[in-house]
Each structure stands twice: as structure tokens, then as C-alpha cells.
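Q: Before I ask anything, let me first share the structure, which is written out below as C-alpha cells.
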């Protein structure tokens, strides 16, 4: 260190040490490490349906977060946490409930660092009255069959079971594990969140208000498509219509469609215009289940032709299949 006065070197050394300590405290000081991260968002597409007189089946969509991976979901009845499931599961059966009662549920996501997100919107389900001394299970679901719906979904259907009172719900099992439930008035469903090129075995069982389970129907064995296919017609919006509308010299694209019937609620769509993603539509409240509609601005020039189609973000976070493509000309009709 030739040319440096003896008194200067210690001062520079002390300053350098102070800088290093400051950097170290910023990197490893605990709370500052995650200051820019946020907790997971509120789960969407939450539904609740009675599974028996004493149980309710609660489902929700996967939470997408850019900051941290969801490690688990917490299910609340009122203000009381009643169940907790891993982050890769999006359904749960809440049991030991009071019959003939309306129950209110919310779901919250917690990330790997322990941050708890806000509650979902509250959903309600009313359990039926308990059936006195009912030990007779429903008949097994007959004629179960299905087909692969692309690489990540299958479509299942069956004939209705009978019961001495009423069938309240149907449970869908993958192997020996229950993965889904639908109401007793349904005899079909689309199961999503599967792996490409994988063979699965599904069975269906009927449940009555007393919780009696039918024998399982015949096993349905299906293999999902391989490759990167994200969905087919079973996961695509149907009844897709597109028209051109004009207001004050501006042209708009008006769309209507029927949401895909999958195991959950679709709350997000992507609109493709002329081969490119043009806009996204996210429902913050109750997403439409029967018929959806959307309109957006195209421009002021008449006589311009566009191609349009739409696809959904499925409840498991993957893309569904594209709808049919429609051609629209501004200033004209579909």
C-alpha cells in the first residue's frame, strides 16, 4: 500500500467492513428478504354442495401466484378452520355437520413461507334432513363409460342410481382415492388436472342423505393423450357466437358462449383475435355457469374482417381447448 498515509488505511478498512455488514444485513436480515413478495390471492370458483345430511363437498380453483408456491389450503366454516389440504388439492369433504342446516364456507391459501392469503367469497350449502334408520344404500351406477379429453382431462358419464329415498351425490374415485363429487341430479362430469400420456382407472359411487354409499360401478380405464395438448372439445367453450356491433362510430366485438362443464367453476377466459391472444376476461364474483357474454372495442374502420375464438383457464390452472373459430366483419354481422 505504498503512498497511503498510515492513518487513512484503517479508516478505509473500517468503512469497507461497515458496507459489508450492511449488505449482509439486507440479504440475511429476515423480513427484508420477502419485503417485495405478497401472500397468495383469494381462491376463486369456490362451490359447496351437500354430500349427505352431515357432509358438504367444497371445491375451488387453483390459486396462481407469481410470488410464492401455495403450500396448502385452509377451509373455514364461518370463522372456524375445519379442514386443511396440500396445495395440489382443490377439494375437500367437510363432515360431522348438522342436518337440515345452511353452512357457510370460505377458503384461504397459505404459501411456503407461511403467509396466509385473503378469504374467498363465502359460499353456502344446506344439508338435507337426516333419514331415520336408513341403512339401505343406493344401487350402483350403471353403464359407466368415458373418453380422454386431451392430455389433461377425461369425460365420464353413467346411468342414474336409485334409492329408497333420494341420491344426494355421486363420488368419483381415481384408483382408491376420492377425487371429485357431483350432485345427485348429475350423471356426467369432466375431470381435469391429469397428466399427459397416463393411464387412469375411475369408479363412481352413489351416496344418499344418510351417507350410505352404493357399491362402485364398473371401472372405467382411460389413457390421456400424450404430448403438450392442453385440451379438446370437452374442455372448450361451446355455443360460441360472435357479432359486430356499432356505437357512436366505434365498432365492438360481442361474444357469447356456454362455459365448459368441468370439475369446478371457470372464472377466466382468453380471447384470441386473428391468431393472437387479444384480451383476458376474469370474473371477480359469481362466474356464469349457463351462458356468458363479453364485448370489447375493435376500432372505427368499417369493413375489417377478424377471426376470433376463446378458451378457458380450467379450475386446475391449465388451459382448456379452443372454441370454434368465428369470422366477423366490422359494420356487418357474423
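The values are calculated or read from the model by the stated rules, or taken from the named source; none is laboratory data. Because the structure is predicted, anything quoted here is derived from the model rather than measured. Here the Cβ is made from the backbone with ideal geometry for all residues, glycine too, and neighbour counts use every protein chain on show.
Q: Report yes if residue 264 is surrounded by fewer than 15 Cβ atoms within 10 Å (Cβ to Cβ) and in contact (Cβ under 8 Å) with a residue 24 or more places away in the chain, otherwise no. Reasoning before the result, please.
A: Numbers: surrounded by fewer than 15 Cβ atoms within 10 Å (Cβ to Cβ): no; in contact (Cβ under 8 Å) with a residue 24 or more places away in the chain: yes.
No: the conditions fail for residue 264.
Q: Please find, within segment 161-173, the residue that is modelled with the highest pLDDT out of those that are surrounded by 17 or more Cβ atoms within 10 Å (Cβ to Cβ) and assigned to a loop (DSSP other than H, G, I, E, B).
A: Among residues in segment 161-173 that are surrounded by 17 or more Cβ atoms within 10 Å (Cβ to Cβ) and assigned to a loop (DSSP other than H, G, I, E, B), the one modelled with the highest pLDDT is 161.
Q: Then there is this: Among (1) surrounded by fewer than 19 Cβ atoms within 10 Å (Cβ to Cβ); (2) more than 16 Å from residue 49 (Cβ to Cβ); (3) at pLDDT 90 or above, where does residue 176 come up short?
A: (3)
Q: Please determine, by comparing only the residues of segment 195-214 that are assigned to a loop (DSSP other than H, G, I, E, B) and more than 14 Å from residue 159 (Cα to Cα), which one is modelled with the highest pLDDT.
A: This residue is 198.
Q: Would you confirm whether any residue within segment 147-155 is surrounded by fewer than 17 Cβ atoms within 10 Å (Cβ to Cβ) and assigned by TED's automatic domain parsing to the domain that holds residue 55? Outline the logic, then answer.
A: Filtering segment 147-155 down to residues surrounded by fewer than 17 Cβ atoms within 10 Å (Cβ to Cβ) leaves 147.
Now narrow it down to the ones that are assigned by TED's automatic domain parsing to the domain that holds residue 55: none.
Scanning segment 147-155 turns up no residue that is surrounded by fewer than 17 Cβ atoms within 10 Å (Cβ to Cβ) and assigned by TED's automatic domain parsing to the domain that holds residue 55.
Q: Determine whether residue 308 is without any contact (Cβ under 8 Å) to a residue 40 or more places away in the chain, over 16 Å from residue 192 (Cβ atoms) and buried (at least 16 other Cβ atoms within 10 Å of the Cβ).
A: no
Q: Further question: Which of the residues spanning segment 129-146 are in contact (Cβ under 8 Å) with a residue 12 or more places away in the chain and surrounded by fewer than 19 Cβ atoms within 10 Å (Cβ to Cβ)?
A: Taking segment 129-146 and keeping what is in contact (Cβ under 8 Å) with a residue 12 or more places away in the chain, we get 129-131, 134-146.
Passing the criteria: 129, 130, 134, 135, 136, 139, 142, 143, 145.
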